[in-house]
Amino acid sequence: MNFFGTGIRYWICEIPNAVFEEMNDKRIKHKVEWEQLLFDFDFLKHFGYNHWCELSKQPEKIGFQLSTQNRIEIKSGAKFISRFKSIELQDEETLFPLFNTLKNEIKTVKKENSQTILLLEYQKGLIAKFKFETDDFSINQLEFQLSTIANETWLTEIVFNSKLLHLFQDDTVSIGTRVILKD
């Protein structure tokens, strides 16, 4: 299964308040946006981090945008089994659902004495490739899990026969970043 189009990698980060306040002072002093700082390796090294993913206690996650431009392909070898646009997962224009979907909420729990930040890196290309084996495939064996991130719905996980599929490969180009401070 391949996802082609626009997607995100995201990290849910917890920064200790003292570190966050020092970062914010530098941001204000230099009159720059959070994106310019938190995705800058030199800035992060000053605070003891080598990469922005080290700000997160959880591994990075991906999201695939639901749009008319993005497509999902399911293949067996070189043979196409199904091909559809990711927007079809919302089932807004059908009488009966075409796909099994589950809406999840991305949970960010505010920890005491820390600032929760959502880091987003927008990407384009082969967002994800998943592999699974079965002798008798049915689209109903798949459950597409949708989540709201940054006020937009994204495909964030896929379950096949009650087992979470793991990203096998990707091939993307970064097209932008965004930082969201959570209250």
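See the values below:
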item	result
Members of the stretch 1-19 found to be more than 15 Å from the chain's Cα centre (by Cα) and either surrounded by 19 or more Cβ atoms within 10 Å (Cβ to Cβ) or of a type in the set (Val, Ile, Thr) (or both), listed by number	Glu14, Ile15, Val19
Cβ pairs under 6 Å, 6+ apart, first in the stretch 146-167 and more than 18 Å from Lys131 (Cβ to Cβ), second not in a strand (DSSP E or B)	Ser147/Ile106; Ile149/Ile106; Thr153/Leu66
Condition met for Arg83 (more than 24 Å from Trp52 (Cα to Cα), assigned to a strand (DSSP E or B), at pLDDT 85 or above and not β-branched (Val, Ile, Thr))	yes
Candidates Glu54, Glu88, filtered to the one that is in contact with a Leu (Cβ under 8 Å, 6 or more places away or on another chain), farther than 30 Å from Asn17 by Cα and either among the polar types (S, T, N, Q) or surrounded by 13 or more Cβ atoms within 10 Å (Cβ to Cβ) (or both)	Glu88
Those residues of the stretch 73-93 which are free of Cβ contacts under 8 Å to residues at least 24 places away in the same chain and under 19 Å from the mean Cα position of the chain (by Cα), in sequence order	Lys85, Ile87, Glu88
Answer from Phe99, Phe64 - the residue that is closer than 21 Å to Leu167 by Cβ and modelled with pLDDT under 90	Phe99
Members of the stretch 20-37 found to be under 22 Å from the mean Cα position of the chain (by Cα) and either outside any helix (DSSP H, G or I) or loosely packed, with under 12 Cβ neighbours inside 10 Å (or both), listed by number	Glu33
In the stretch 108-145, the residues that are among the polar types (S, T, N, Q), at pLDDT 90 or above and either in a strand (DSSP E or B) or in contact with a helix residue (DSSP H, G or I) (Cβ under 9 Å, 6 or more places away or on another chain) (or both)	Asn113, Ser114, Gln115, Thr116, Gln123, Gln145
Checking Asp183 against (1) at pLDDT below 95; (2) surrounded by 13 or more Cβ atoms within 10 Å (Cβ to Cβ); (3) under 30 Å from Val19 (Cα atoms); (4) not basic (Lys, Arg), the condition it does not meet	(2)
Evaluation of Glu112 against (1) over 20 Å from the mean Cα position of the chain (by Cα); (2) surrounded by 15 or more Cβ atoms within 10 Å (Cβ to Cβ); (3) among the acidic types (Asp, Glu) (one fails), failing number	(2)
Among the residues listed as Thr177, Thr148, the single one being part of a strand (DSSP E or B) and either at pLDDT below 95 or touching a Pro at 6+ places or on another chain (Cβ under 7 Å) (or both)	Thr148
Matching residues in the stretch 38-54 - criterion: being out of contact with any His (no Cβ under 8 Å at 6 or more places or on another chain), under 17 Å from Thr116 (Cα atoms), free of Cβ contacts under 8 Å to residues at least 24 places away in the same chain and part of a helix (DSSP H, G or I)	Glu54
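The values are calculated or read from the model by the stated rules, or taken from the named source; none is laboratory data. On a predicted model such as this, the values are computed, not experimentally measured, just so you know. FYI the Cβ positions are ideal-geometry reconstructions off the backbone, even for glycines, and counts take in every protein chain you see.
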